[in-house]
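Data block below; observations after.
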Amino acid sequence: EEVPDTGILPASRKMESLSSPLRAIIRLRRRHRVQKRGRLFLQLPREKPAEIVHSRLLQRQLSLNRTGMYSPAMSFFNQASFESSQYFTFDTSVEQHAMKKCRRKKSRRKSRMVLYPDKTKRYLPAEEKSKAKRCLFLLMAIIFFQILNAIENLDDNLQKYDLDGLEKTMHREVFGQKAAVESIVELLKDYLATHIHNKPLVISLNGPSGVGKSHVGWLLAKHFRSVMDNDFVLQYFVMHHCPSGVAPLTCEIDLSKKISDMVTRAEIEEKTPLFIVDEVELMSPVLLDTLSRFFQPNQTNEFLNAIYILISNIGGGEITRFVIQNESAELLQQHRGAEELLSIIQPILSNVHPLWKSADIIPFVLLEKSHVINCFLEQMRREGLYPDQKHIEHLANQLSYYTTGDKQYSRMGCKQVMAKVNL
């Protein structure tokens with residue numbers, strides 16, 4: 001080693017100590033650029049000979065020793081530290097980068113491979129779409145929307161006639177006829193759900209006098225007048241519109257004209273007319289034949305969209321005997337009891353006239369004493385009188401009853417209630 005001159009100034013020593021590392025760094029950067037440019041044209045072998053590796057190690061050691069001559073601070077790069085340390089070289093990085101790139105390409109190729117039963121097919125075959133399936137789906141969609149539209153129309157019709165309000169009113173003001181009221185409302189809901197029918201709706205209310213048949217007809221007329229119009233509701237009383245002195249042919253013409261005019265006007269406004277015929281048992285055979293022609297299914301559309309309510313006492317005696325023999329009107333709430341009573345009434349009505357074959361028959365049973373008391377309460381409320389319970393029971397006891405077991409059935413129903421209250 002050369003001993004530096006002691007006479008050199010401290011400032012010059014500082015400059016030398018700073019300039020020697022800079023020169024070494026500049027030299028290394030130039031060497032790095034040269035190797036970087038020549039790396040593109042250099043084809044390195046897979047495995048390098050040991051002589052080439054040993055010569056390069058010696059060259060690097062000599063370059064480091066030279067830098068230590070310029071600066072004592074860089075002299076810590078000795079032989080032991082050089083051999084033991086792991087450092088970055090450009091040659092090995094090129095090899096490693098190429099190997100990693102090759103492995104990455106192989107792994108990508110393996111991941112993209114799709115194995116099918118036939119290795120030549122890399123994709124699933126395209127399905128053949130059938131036109132028949134498309135037509136079937138389209139037809140199903142059309143049917144679904146038509147059904148949905150029909151359901152909405154059903155709801156609109158039922159809301160227009162407000163049958164729920166009618167049912168509540170009838171349950172509140174008609175006593176002892178729960179099964180009959182439910183049957184009437186159910187028939188009306190089924191019929192009024194749509195405006196297209198194959199026959200008119202004919203409901204026959206049959207039972208003894210005073211059980212509430214005429215009162216139900218009056219409630220129906222009042223309700224339909226409020227939801228539609230007075231022009232589409234007709235109450236026909238036989239003793240009033242066709243008295244005994246008038247010729248049957250005149251009554252027939254009058255009744256036919258009234259029904260035809262109302263049906264025609266109702267068809268224009270898409271409404272269903274209501275005809276309430278009371279005291280049917282007093283009608284002549286000519287009038288019964290006239291009504292029967294309107295009930296036939298083979299008519300024009302406007303005559304098929306109509307509701308007929310027939311009120312009569314025909315079959316009242318049979319209903320009275322049936323209720324007294326079974327000792328309970330609650331038997332009619334059961335399906336078997338209602339069928340048995342209908343099997344008794346239908347032959348009697350069919351013998352009177354064939355028009356009852358196309359009618360839905362609803363029997364009205366006898367009223368119990370508790371139902372008569374409710375009739376007194378309702379009538380006194382309408383007259384504005386104070387309902388005294390003792391006074392009402394006293395009035396109810398003045399009526400005549402059928403006594404069977406522990407129950408009492410009124411012979412005249414609520415027929416005399418209004419007269420008793422007024423008296």
*asked:* With the requirement that a residue be open to solvent by 10 Å² or more (accessible area, probe 1.4 Å), of a type in the set (A, V, I, L, M) and outside any loop (DSSP other than H, G, I, E, B), what does region 174-185 give you?
replied: ALA179
*Read through the list (1) at pLDDT 90 or above; (2) under 17 Å from LEU166 (Cα atoms), then give the number of the only condition that VAL227 fails.*
(1)
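State yes or no: is VAL216 crowded, with 20+ Cβ neighbours inside 10 Å and either without any contact (Cβ under 8 Å) to a residue 12 or more places away in the chain or touching a Phe, Trp or Tyr at 6+ places or on another chain (Cβ under 7 Å) (or both)? Before the answer, list the steps.
Details: crowded, with 20+ Cβ neighbours inside 10 Å: yes; either without any contact (Cβ under 8 Å) to a residue 12 or more places away in the chain or touching a Phe, Trp or Tyr at 6+ places or on another chain (Cβ under 7 Å) (or both): no.
When the stated conditions are applied, VAL216 does not pass them.
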*Leading residue by the ranking (modelled with the lowest pLDDT) among those in region 306-330 that are under 41 Å from the mean Cα position of the chain (by Cα) and within 15 Å of GLY207 (Cβ to Cβ)*: ALA329
_Given (1) over 19 Å from HIS197 (Cα atoms); (2) in contact (Cβ under 8 Å) with a residue 12 or more places away in the chain; (3) out of contact with any strand residue (DSSP E or B) (no Cβ under 9 Å at 6 or more places or on another chain), identify the lone condition not met by THR264._
(1)
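This table checks each residue for (1) modelled with pLDDT of 90 or more; (2) in the same structural domain as GLY210 (by the TED database).
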{"position": "ILE147", "(1), (2)": "no, no"}
{"position": "ASN153", "(1), (2)": "no, no"}
{"position": "ASP162", "(1), (2)": "no, yes"}
{"position": "GLU167", "(1), (2)": "yes, yes"}
{"position": "MET170", "(1), (2)": "yes, yes"}
{"position": "GLY176", "(1), (2)": "no, yes"}
{"position": "ALA179", "(1), (2)": "no, yes"}
{"position": "GLU182", "(1), (2)": "yes, yes"}
{"position": "GLU186", "(1), (2)": "yes, yes"}
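Which of the residues that make up region 378-411 are of a type in the set (A, V, I, L, M, F, W, C) and open to solvent by 60 Å² or more (accessible area, probe 1.4 Å)?
Taking region 378-411 as the starting set, the residues that turn out to be of a type in the set (A, V, I, L, M, F, W, C) are 380, 385, 392, 395-396, 399.
Of everything in region 378-411, just one residue is of a type in the set (A, V, I, L, M, F, W, C) and open to solvent by 60 Å² or more (accessible area, probe 1.4 Å), namely LEU385.
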_Could you check region 244-269 and list, in sequence order, the residues that are at pLDDT 90 or above and open to solvent by less than 60 Å² (accessible area, probe 1.4 Å)?_
CYS251, GLU252, ASP254, LEU255, SER256, ILE259, SER260, MET262, VAL263
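With respect to HIS371, is the statement that it is touching a residue at least 60 places away in the same chain (Cβ under 8 Å), in the same structural domain as ILE259 (by the TED database) and closer than 27 Å to GLU186 by Cα true? So that I can check it myself, show each step before the final result.
Working: touching a residue at least 60 places away in the same chain (Cβ under 8 Å): yes; in the same structural domain as ILE259 (by the TED database): no; closer than 27 Å to GLU186 by Cα: yes.
No, not satisfied.
If I filter region 186-203 for residues that are of a type in the set (A, V, I, L, M) and open to solvent by 50 Å² or more (accessible area, probe 1.4 Å), do I get at least one hit?
Residues of region 186-203 of a type in the set (A, V, I, L, M): 187-188, 192-193, 196, 201-203.
Filter once more, so that each one left must be open to solvent by 50 Å² or more (accessible area, probe 1.4 Å): 196.
Yes, that holds for at least one residue.
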*asked:* It is to be established whether one or more residues within region 154-164 are of a type outside the set (Gly, Ala, Ser) and on the phi > 0 side of the Ramachandran plot.
replied: yes
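With a cut-off of at least 1 residues that are out of contact with any Lys or Arg (no Cβ under 6 Å at 6 or more places or on another chain) and among the charged types (D, E, K, R), name the strands (runs of 3 or more DSSP E) lying wholly within region 330-423. Can you show your working first?
Numbers: elements: 360-363, 401-404, 407-410.
Result: 360-363, 407-410.
The values are calculated or read from the model by the stated rules, or taken from the named source; none is laboratory data. Please read all numbers here as calculations on a predicted model, not as lab measurements. For neighbour counting, all protein chains shown are included, and Cβ atoms are generated from backbone atoms with ideal geometry for every residue, glycine included. The area values use the complete protein model at the heavy-atom level, side chains included, leaving out ligands, DNA and RNA. Shrake-Rupley method; radii C 1.70, N 1.55, O 1.52, S 1.80 Å.
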